[in-house]
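Trainee: One structure is given below, represented as structure tokens, and several questions about it will come after.
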Amino acid sequence: MNDVRNHETGWRVLVRRHPSAFLLAAQLLSLVIFPLLDDSTGGRVVFSAFGAMVLLLAVWVVNRTPAVNWIAWLIAIPAFVLSILSVASDSVPLLLWSSALEALLYFYVAASLIAYMLSDHRVTTDELFAAGATFTLLAWGFAYLYLICQAWYPDSFTGAVMPERPRTWLELLFFSFTNLSATGLGDILPLGSAARVLTMLEQLAGIGYIAVVVSRLIGLSLLRAGSR
């Protein structure tokens, strides 16, 4: 009995100390399972439910940072409802509205995590997890913006495979990751003006994030290691 209680206590301590790790793990897990669900209607439902869990985790992480928690709930609740309704009704307008709210939520949580990481001069393990989670949140947020852009402006993107068709969600997410990380593999290209503007904004966000946040965490970590 004592071993069970100690295990539960240790789990609660882990959850309390490293909330960003769970958000990062959920984002990475969704990347792993999405290729199995991408082309099926049932898969969309499952992935939408999984996305709802990620939304709840995002709100929970905001609650552990200096951000105002009710703002996150104000965005997350309608985003969750519209996301489920868009899958159930196969409605494009609902999908676009839910995508816009999800993008707003991911950017809000990312900004909150950045404020959390910049709030002091001490680097914790959770802040390192937060650095990875923030990167995925930014990539997800821009992917949703690309999805909206493609719906509003057809032929905004082209690709090496079947260049005439609209890009899938996974392709846009892949483009977002390569663009944010500045790897630029180039098999998906923005063609329209709006798509290129969004691409440039994401490139600017990626460079700024690495230059300001990640480099600061690395510098503080090296400074702490050198002072020991």
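Trainee: Determine which residues of segment 184-222 fall in the zone a paramagnetic label at residue 121 would reach in this model, i.e. backbone nitrogen under 12 Å from the point 7 Å along Cα→Cβ.
Mentor: Output list for this probe position: 220.
Trainee: For the ranges 139-147, 102-110, what's the packing order if you count other beta-carbon atoms within 10 Å of each residue, average per peptide, and put the highest first?
Mentor: Ranked from most to least packed, the peptides come out as 139-147, 102-110.
Trainee: If amide hydrogens are placed 1.01 Å from N in the peptide plane, which non-local residues have theirs closer than 5 Å to the one on residue 158?
Mentor: Result for residue 158 returns 189, 191.
Trainee: Cut-off is 10 Å between beta-carbons; in what order do 202, 164, 171 appear when sorted fewest neighbours first?
Mentor: Values: 202 22, 164 7, 171 19.
In order of increasing Cβ crowding within 10 Å: 164, 171, 202.
Trainee: What list do you get for 125, 158 if you sort them by fewest beta carbons within 10 Å?
Mentor: Numbers: 125 11, 158 18.
So the residues, fewest neighbours to most, are 125, 158.
Trainee: Then there's this: Kindly write out, for segment 139-145 in residue order, the coupling ³J(HN,Hα) from the Karplus curve 6.51 cos²θ - 1.76 cosθ + 1.60 (θ = phi - 60°), rounded to whole Hz, with x marking Gly and Pro.
Mentor: Per residue, the Karplus-derived 3J(HN,Hα) values read 5, 5, x, 5, 4, 5, 5 Hz.
Every number here is computed from the coordinates shown, using simple stated rules; none is lab data. Remember, it's a predicted structure, so these values are computed and weren't measured experimentally. Cβ: placed from backbone, ideal geometry, glycine included. Neighbour counts: every protein chain shown.
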